[in-house]
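Here is the structure we will look at, set down as structure tokens.
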Amino acid sequence: MTSLSSTYPDALVQAPLVVAITGASGSVIGFRFVKAALQMGIPVELVMTEKSLQVIHDELDYKVTGHTEEDKAIRLLEHLKLPSDAPLKFFGNHRLDAPPASGTHLTRGMVIVPCSMGTLGRIAAGIGDNLVARSADVTLKEGRPLVLVPRESPLNQIHLRNMLTLSQAGAHMVPPMLTFYLKDFSSVDGQVNYVLGKIFDVLRIPHQLSARWGQ
């Protein structure tokens, strides 16, 4: 069986990474991931759920504004202190006509960071009635990497069953666990960078966000 990467190697190098930020706590991880990917030159197609907008405002004191999706992308780049020509596209969660909703649209995969339990349950049940859930479903059916960063504690049996269902379907679970063996473990930046590094590792994307054991 011929893999997608061997069939379209050049296309995949230039393909975007779909990133979704949902209404779970930890929006700083999502924003930092978007910034890191863009700084690496990776095009990002960003989707934010309606519930995430309130969490982002509460946690980061940032309000997503703009009359059009293009305006929102430009203002977000300004907030992240990135050049206006950085390869970022913004799509509303209602946009089921957006490119990530189709399997014919080549991507490097999808990262949902943070991933709420509501979003996780919707994907596990195969309910693709918004762009985040539909894009995740497409990512799985096309055999591309789907990385979920679930942010909840403690976890109940429903959460765990949904995670197992998605793991068995091919998704990767990267919960934002604390680490204590790094020199900068006591800083929030150090912990966030550690989680970002784990996500990029799953995607097989080289990075220097955090030190590795023994180095």
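The values are calculated or read from the model by the stated rules, or taken from the named source; none is laboratory data. Note that the structure is predicted; figures quoted are calculated from it, not measured. Cβ coordinates were reconstructed from backbone atoms using ideal geometry, including for glycine residues, and neighbour counts include every protein chain displayed.
In table form, for the structure just shown:
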| read-out | value |
| --- | --- |
| Identity of the residue in segment 16-32, out of contact with any Ser or Thr (no Cβ under 9 Å at 6 or more places or on another chain) and under 16 Å from residue 73 (Cβ atoms), that ends up surrounded by the fewest Cβ atoms within 10 Å (Cβ to Cβ) | 31 |
| Scan of segment 176-205 for residues that are of a type outside the set (D, E, K, R) and closer than 21 Å to residue 143 by Cα, ordered by number | 199, 200, 202, 203, 205 |
| Residue identified as buried (at least 17 other Cβ atoms within 10 Å of the Cβ), among the small types (Gly, Ala, Ser) and either on the phi > 0 side of the Ramachandran plot or out of contact with any Asp or Glu (no Cβ under 9 Å at 6 or more places or on another chain) (or both) among 169, 125, 133 | 133 |
| Filtered residues of segment 30-51 (kept if closer than 13 Å to residue 200 by Cα and of a type in the set (Val, Ile, Thr)) | 34, 42 |
| Hits in segment 186-215 (condition: under 22 Å from residue 146 (Cβ atoms), assigned to a helix (DSSP H, G or I) and aliphatic (A, V, I, L, M)) | 192, 195, 196, 199, 202 |
| Residue 183, sole failed condition from (1) outside any loop (DSSP other than H, G, I, E, B); (2) basic (Lys, Arg); (3) farther than 25 Å from residue 100 by Cα | (1) |
| Residues being over 16 Å from residue 25 (Cα atoms) and either hydroxyl-bearing (Ser, Thr, Tyr) or in contact (Cβ under 8 Å) with a residue 12 or more places away in the chain (or both) - total across segment 185-196 | 5 |
| Hey, residue 138 outside any loop (DSSP other than H, G, I, E, B) and over 17 Å from residue 199 (Cβ atoms) or not | yes |
| Test: residue in segment 184-197 that is touching a strand residue (DSSP E or B) at 6+ places or on another chain (Cβ under 6 Å), at pLDDT 95 or above and either of a type in the set (Val, Ile, Thr) or crowded, with 21+ Cβ neighbours inside 10 Å (or both) | no |
| Segment 33-51 - residue that is in contact with a helix residue (DSSP H, G or I) (Cβ under 7 Å, 6 or more places away or on another chain) and touching a residue at least 60 places away in the same chain (Cβ under 8 Å) and, of those, surrounded by the most Cβ atoms within 10 Å (Cβ to Cβ) | 47 |
| Long-range neighbours under 6 Å by Cβ, at least six apart or interchain, first residue in contact (Cβ under 8 Å) with a residue 12 or more places away in the chain within segment 87-103, second surrounded by 15 or more Cβ atoms within 10 Å (Cβ to Cβ) and in a loop (DSSP other than H, G, I, E, B) | 87/43; 91/98; 93/49; 93/130; 99/105; 103/142 |
| Matching option when the condition is of a type in the set (S, T, N, Q) and in contact with a strand residue (DSSP E or B) (Cβ under 7 Å, 6 or more places away or on another chain), among 68, 22 | 22 |
